[in-house]
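These notes concern the structure reproduced below.
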Amino acid sequence: MITIAVLNLKGGSGKTTSAAFIAHALHEAGLRVLGVDADGENESLVQWQSLGDWPFPVVGMAQPNLHKNLPGVADDDRYDAVVIDTPPMKEARNIVLSAARVATHIVCPMAPTGMEHSRLPAVRELVADATDLRDGEKPLFAVLFTRTVANASSTEVYRDIVTEEGDYVLKVPVARKEQFAQAFGSPIENALSTAYGDAVTELLDLTIDEAGKVASA
Ligand SMILES: Nc1ncnc2c1ncn2[C@@H]1O[C@H](COP(=O)(O)OP(=O)(O)O)[C@@H](O)[C@H]1O
Ligand SMILES: [Mg+2]
(Lines give C-alpha, C1' and ligand atoms only; values in the text may rest on other atoms or scores of the structure.)
(Ligands and ions follow the chains in the order given, each with its own letter.)
Protein backbone atom coordinates (compact mmCIF):
# COMPACT_ATOMS: atom_id res chain seq x y z
CA MET A 1 0.00 0.00 0.00
CA ILE A 2 1.21 3.46 -0.83
CA THR A 3 0.30 6.49 1.28
CA ILE A 4 0.52 9.88 -0.37
CA ALA A 5 0.38 12.99 1.84
CA VAL A 6 -0.27 16.29 0.09
CA LEU A 7 1.08 19.16 2.13
CA ASN A 8 2.34 22.73 2.17
CA LEU A 9 2.79 25.65 4.56
CA LYS A 10 -0.30 27.66 3.74
CA GLY A 11 -3.82 27.48 2.39
CA GLY A 12 -4.46 28.24 -1.25
CA SER A 13 -1.52 26.22 -2.53
CA GLY A 14 -3.65 23.59 -4.27
CA LYS A 15 -3.46 20.85 -1.65
CA THR A 16 -7.11 19.82 -1.67
CA THR A 17 -7.44 20.06 -5.45
CA SER A 18 -4.27 17.98 -5.86
CA ALA A 19 -5.35 15.37 -3.29
CA ALA A 20 -8.73 15.02 -5.02
CA PHE A 21 -7.32 14.59 -8.53
CA ILE A 22 -4.45 12.36 -7.44
CA ALA A 23 -6.91 10.10 -5.59
CA HIS A 24 -9.15 9.92 -8.67
CA ALA A 25 -6.24 9.22 -11.00
CA LEU A 26 -5.23 6.29 -8.77
CA HIS A 27 -8.82 5.04 -8.66
CA GLU A 28 -9.10 5.26 -12.45
CA ALA A 29 -5.84 3.32 -12.71
CA GLY A 30 -7.58 0.47 -10.88
CA LEU A 31 -6.23 0.93 -7.37
CA ARG A 32 -8.44 0.63 -4.29
CA VAL A 33 -8.25 4.15 -2.90
CA LEU A 34 -9.03 5.63 0.50
CA GLY A 35 -9.10 9.40 0.85
CA VAL A 36 -8.14 10.84 4.22
CA ASP A 37 -9.23 14.33 5.17
CA ALA A 38 -6.81 15.58 7.82
CA ASP A 39 -8.03 19.15 7.40
CA GLY A 40 -11.78 19.17 7.92
CA GLU A 41 -12.02 22.92 8.41
CA ASN A 42 -11.38 24.47 5.02
CA GLU A 43 -13.05 23.21 1.81
CA SER A 44 -12.55 19.65 2.78
CA LEU A 45 -12.12 16.34 1.05
CA VAL A 46 -14.95 14.79 3.10
CA GLN A 47 -17.32 17.50 1.88
CA TRP A 48 -16.17 17.16 -1.72
CA GLN A 49 -16.50 13.37 -1.61
CA SER A 50 -20.11 13.66 -0.56
CA LEU A 51 -21.08 16.58 -2.82
CA GLY A 52 -19.33 15.01 -5.81
CA ASP A 53 -20.55 11.47 -5.15
CA TRP A 54 -17.06 10.01 -5.38
CA PRO A 55 -16.67 6.32 -6.19
CA PHE A 56 -14.35 5.67 -3.19
CA PRO A 57 -14.53 6.56 0.51
CA VAL A 58 -12.99 9.51 2.33
CA VAL A 59 -12.58 9.45 6.10
CA GLY A 60 -12.09 12.47 8.32
CA MET A 61 -8.91 12.22 10.43
CA ALA A 62 -7.81 15.71 11.46
CA GLN A 63 -5.75 14.24 14.26
CA PRO A 64 -2.24 14.80 15.60
CA ASN A 65 -2.01 11.04 16.15
CA LEU A 66 -3.10 10.17 12.61
CA HIS A 67 0.10 8.14 12.23
CA LYS A 68 -1.11 5.87 15.03
CA ASN A 69 -4.75 5.66 13.97
CA LEU A 70 -4.44 5.25 10.20
CA PRO A 71 -3.10 1.67 10.25
CA GLY A 72 -6.31 0.56 12.00
CA VAL A 73 -8.41 2.12 9.22
CA ALA A 74 -6.34 1.34 6.13
CA ASP A 75 -4.36 -1.82 5.47
CA ASP A 76 -3.12 -3.86 2.51
CA ASP A 77 -6.17 -6.11 2.62
CA ARG A 78 -8.55 -3.27 1.89
CA TYR A 79 -6.61 -0.54 0.07
CA ASP A 80 -3.80 -0.09 -2.43
CA ALA A 81 -3.45 3.66 -2.01
CA VAL A 82 -4.25 6.20 0.68
CA VAL A 83 -4.28 9.90 -0.21
CA ILE A 84 -4.13 12.36 2.69
CA ASP A 85 -5.20 15.98 2.33
CA THR A 86 -3.74 18.10 5.10
CA PRO A 87 -4.41 21.44 6.77
CA PRO A 88 -1.96 24.31 6.27
CA MET A 89 1.18 23.59 8.32
CA LYS A 90 0.97 27.12 9.63
CA GLU A 91 -2.31 26.27 11.34
CA ALA A 92 -1.81 22.67 12.40
CA ARG A 93 1.81 21.57 12.09
CA ASN A 94 1.27 18.66 14.47
CA ILE A 95 -1.37 17.10 12.20
CA VAL A 96 0.73 17.61 9.07
CA LEU A 97 3.77 16.13 10.81
CA SER A 98 1.67 13.13 11.80
CA ALA A 99 0.60 12.66 8.16
CA ALA A 100 4.23 12.90 7.05
CA ARG A 101 5.10 10.16 9.52
CA VAL A 102 2.86 7.60 7.79
CA ALA A 103 3.43 8.74 4.21
CA THR A 104 5.40 6.68 1.71
CA HIS A 105 5.17 9.68 -0.65
CA ILE A 106 4.85 13.40 0.06
CA VAL A 107 3.67 15.76 -2.66
CA CYS A 108 4.07 19.50 -2.19
CA PRO A 109 1.96 21.47 -4.65
CA MET A 110 3.26 24.97 -5.25
CA ALA A 111 3.10 27.72 -7.84
CA PRO A 112 6.46 28.55 -9.45
CA THR A 113 6.69 31.98 -7.82
CA GLY A 114 9.10 33.64 -5.43
CA MET A 115 6.49 33.85 -2.71
CA GLU A 116 5.59 30.17 -2.78
CA HIS A 117 9.24 29.15 -3.19
CA SER A 118 10.06 31.02 0.02
CA ARG A 119 7.79 28.56 1.87
CA LEU A 120 9.74 25.47 0.83
CA PRO A 121 12.35 25.57 3.63
CA ALA A 122 9.58 25.18 6.23
CA VAL A 123 8.20 22.20 4.30
CA ARG A 124 11.67 20.61 4.04
CA GLU A 125 12.11 21.07 7.77
CA LEU A 126 8.85 19.23 8.45
CA VAL A 127 9.89 16.36 6.16
CA ALA A 128 13.23 16.18 8.00
CA ASP A 129 11.45 16.14 11.38
CA ALA A 130 9.15 13.36 10.16
CA THR A 131 12.19 11.42 8.92
CA ASP A 132 13.83 11.69 12.35
CA LEU A 133 10.67 10.44 14.02
CA ARG A 134 10.73 7.47 11.60
CA ASP A 135 14.25 6.53 12.66
CA GLY A 136 15.74 7.96 9.49
CA GLU A 137 13.41 6.25 7.04
CA LYS A 138 12.75 8.92 4.41
CA PRO A 139 9.40 9.44 2.71
CA LEU A 140 9.74 10.14 -1.02
CA PHE A 141 9.35 13.90 -1.41
CA ALA A 142 8.32 15.54 -4.70
CA VAL A 143 7.32 19.07 -5.62
CA LEU A 144 4.40 19.49 -8.03
CA PHE A 145 4.10 22.83 -9.81
CA THR A 146 0.48 23.94 -9.95
CA ARG A 147 -1.42 26.92 -11.26
CA THR A 148 1.27 27.44 -13.88
CA VAL A 149 0.74 29.78 -16.81
CA ALA A 150 1.30 28.31 -20.29
CA ASN A 151 4.60 29.34 -21.88
CA ALA A 152 5.68 31.43 -18.88
CA SER A 153 9.40 31.05 -18.19
CA SER A 154 8.77 30.87 -14.42
CA THR A 155 8.01 27.14 -14.51
CA GLU A 156 11.44 26.20 -15.88
CA VAL A 157 13.24 28.88 -13.85
CA TYR A 158 11.83 27.53 -10.57
CA ARG A 159 12.26 23.93 -11.71
CA ASP A 160 15.99 24.61 -12.04
CA ILE A 161 16.14 26.40 -8.70
CA VAL A 162 14.27 23.72 -6.74
CA THR A 163 16.20 20.91 -8.48
CA GLU A 164 19.48 22.69 -7.73
CA GLU A 165 18.42 22.88 -4.08
CA GLY A 166 18.15 19.08 -4.12
CA ASP A 167 14.44 18.38 -4.44
CA TYR A 168 12.63 16.40 -7.12
CA VAL A 169 10.13 18.31 -9.25
CA LEU A 170 7.51 16.25 -11.10
CA LYS A 171 7.87 16.71 -14.85
CA VAL A 172 4.39 17.78 -15.93
CA PRO A 173 3.10 20.95 -14.24
CA VAL A 174 -0.60 21.45 -13.48
CA ALA A 175 -1.70 24.50 -15.41
CA ARG A 176 -3.96 27.22 -14.07
CA LYS A 177 -7.28 26.08 -15.54
CA GLU A 178 -10.95 26.70 -15.05
CA GLN A 179 -11.41 22.91 -14.84
CA PHE A 180 -9.49 22.91 -11.54
CA ALA A 181 -10.70 26.29 -10.27
CA GLN A 182 -14.34 25.13 -10.53
CA ALA A 183 -13.80 21.53 -9.47
CA PHE A 184 -14.65 21.68 -5.76
CA GLY A 185 -17.96 20.00 -4.95
CA SER A 186 -18.34 18.29 -8.33
CA PRO A 187 -17.65 14.76 -9.51
CA ILE A 188 -14.21 14.23 -11.06
CA GLU A 189 -13.94 12.36 -14.33
CA ASN A 190 -10.90 11.48 -16.43
CA ALA A 191 -8.38 12.60 -13.81
CA LEU A 192 -5.88 10.25 -15.42
CA SER A 193 -5.97 12.30 -18.61
CA THR A 194 -5.09 15.52 -16.76
CA ALA A 195 -1.61 16.54 -15.60
CA TYR A 196 -2.44 14.75 -12.34
CA GLY A 197 -2.44 11.48 -14.29
CA ASP A 198 1.11 12.20 -15.41
CA ALA A 199 2.04 13.17 -11.86
CA VAL A 200 0.73 9.89 -10.44
CA THR A 201 2.37 7.76 -13.13
CA GLU A 202 5.71 9.48 -12.57
CA LEU A 203 5.40 9.42 -8.77
CA LEU A 204 4.84 5.66 -8.70
CA ASP A 205 7.95 5.17 -10.83
CA LEU A 206 10.24 7.07 -8.45
CA THR A 207 12.56 5.61 -5.83
CA ILE A 208 15.09 6.94 -3.35
CA ASP A 209 18.60 6.01 -4.45
CA GLU A 210 21.55 5.05 -2.25
CA ALA A 211 22.58 8.68 -1.88
CA GLY A 212 19.11 9.51 -0.55
CA LYS A 213 18.08 11.29 -3.76
CA VAL A 214 14.73 10.85 -5.47
CA ALA A 215 15.24 9.37 -8.92
CA SER A 216 13.42 7.44 -11.65
CA ALA A 217 13.39 3.70 -10.96
N1 LIG B 1 -4.60 24.32 -11.34
C2 LIG B 1 -5.48 25.21 -10.88
N3 LIG B 1 -6.01 26.14 -11.70
C4 LIG B 1 -6.89 27.06 -11.26
N5 LIG B 1 -7.30 27.14 -9.98
C6 LIG B 1 -6.81 26.24 -9.10
C7 LIG B 1 -5.87 25.24 -9.49
N8 LIG B 1 -5.58 24.49 -8.40
C9 LIG B 1 -6.29 25.00 -7.38
N10 LIG B 1 -7.03 26.05 -7.78
C11 LIG B 1 -7.91 26.91 -6.96
O12 LIG B 1 -7.11 27.55 -5.98
C13 LIG B 1 -7.79 27.61 -4.75
C14 LIG B 1 -7.00 26.90 -3.67
O15 LIG B 1 -6.92 25.53 -4.00
P16 LIG B 1 -7.06 24.39 -2.90
O17 LIG B 1 -6.84 23.11 -3.59
O18 LIG B 1 -8.32 24.55 -2.12
O19 LIG B 1 -5.81 24.74 -1.98
P20 LIG B 1 -5.50 24.39 -0.45
O21 LIG B 1 -6.15 23.09 -0.17
O22 LIG B 1 -4.02 24.34 -0.41
O23 LIG B 1 -6.05 25.50 0.36
C24 LIG B 1 -9.15 26.97 -4.97
O25 LIG B 1 -10.09 28.00 -5.24
C26 LIG B 1 -8.93 26.10 -6.19
O27 LIG B 1 -10.10 25.93 -6.93
MG1 LIG C 1 -7.37 22.52 1.43
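The values are calculated or read from the model by the stated rules, or taken from the named source; none is laboratory data. For clarity, every value in this text was computed on a predicted model and none was experimentally measured. These area figures cover heavy atoms from the full protein model, side chains too; ligands, DNA and RNA do not enter into them. Shrake-Rupley method; radii C 1.70, N 1.55, O 1.52, S 1.80 Å.
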(message) Given the whole protein assembly as supplied and a 1.4 Å probe, what does the accessible area of residue 193 come to in Å², nearest 10?
(response) 100
(message) Let me make sure I get this right: for the stretch 15-79, a, b and c are the square roots of the gyration tensor eigenvalues over alpha carbons, sorted descending. Under 1.5 in a/c it's rounded, otherwise prolate if a/b > b/c, else oblate. Which is it?
(response) oblate
(message) Can you tell me, using C-alpha contacts under 8 Å and at least 6 residues apart, the relative contact order of the chain as a whole percent?
(response) 26
(message) Leaving out ligands, DNA and RNA, and with a 1.4 Å probe, what % of the accessible surface on the stretch 1-63 is carbon or sulfur?
(response) 46
(message) Restricting to bridges with both residues inside the chain, how much of the DSSP beta-bridge set is antiparallel, in percent to the nearest 5?
(response) 10
(request) Pull out a ≥ b ≥ c, the square roots of the eigenvalues of the alpha-carbon gyration tensor of the stretch 88-208, then state rounded if a/c is under 1.5, prolate if not and a/b is larger than b/c, and oblate in the remaining case. (result) prolate
(request) Please go through the residue pairs 10/68; 68/177; 177/213 and name each one whose alpha carbons sit more than 27 Å apart in this structure. (result) 68/177; 177/213
(request) Using Cα centres only, tell me the gap between the stretch 37-101 and the stretch 148-217 in whole Å. (result) 21
(message) Accessible area per residue for the chain in Å², computed with a 1.4 Å probe and the full protein assembly in place, what is it?
(response) 45
(request) Rank these by accessible area, largest first, 1.4 Å probe: 156, 202, 178. (result) 178, 156, 202
(request) For the stretch 66-125, give the percent of accessible area contributed by carbon and sulfur heavy atoms, probe 1.4 Å, rounded to a whole number. (result) 52
(request) Please list, in chain and number order, the residues 5+ apart from residue 111 or on another chain whose amide H is under 5 Å from its amide H, with Hs placed from the backbone. (result) 146
(message) Given axes a ≥ b ≥ c from the Cα gyration tensor, I'd like to know whether the stretch 2-216 is rounded (a/c under 1.5), prolate (a/b larger than b/c) or oblate.
(response) rounded
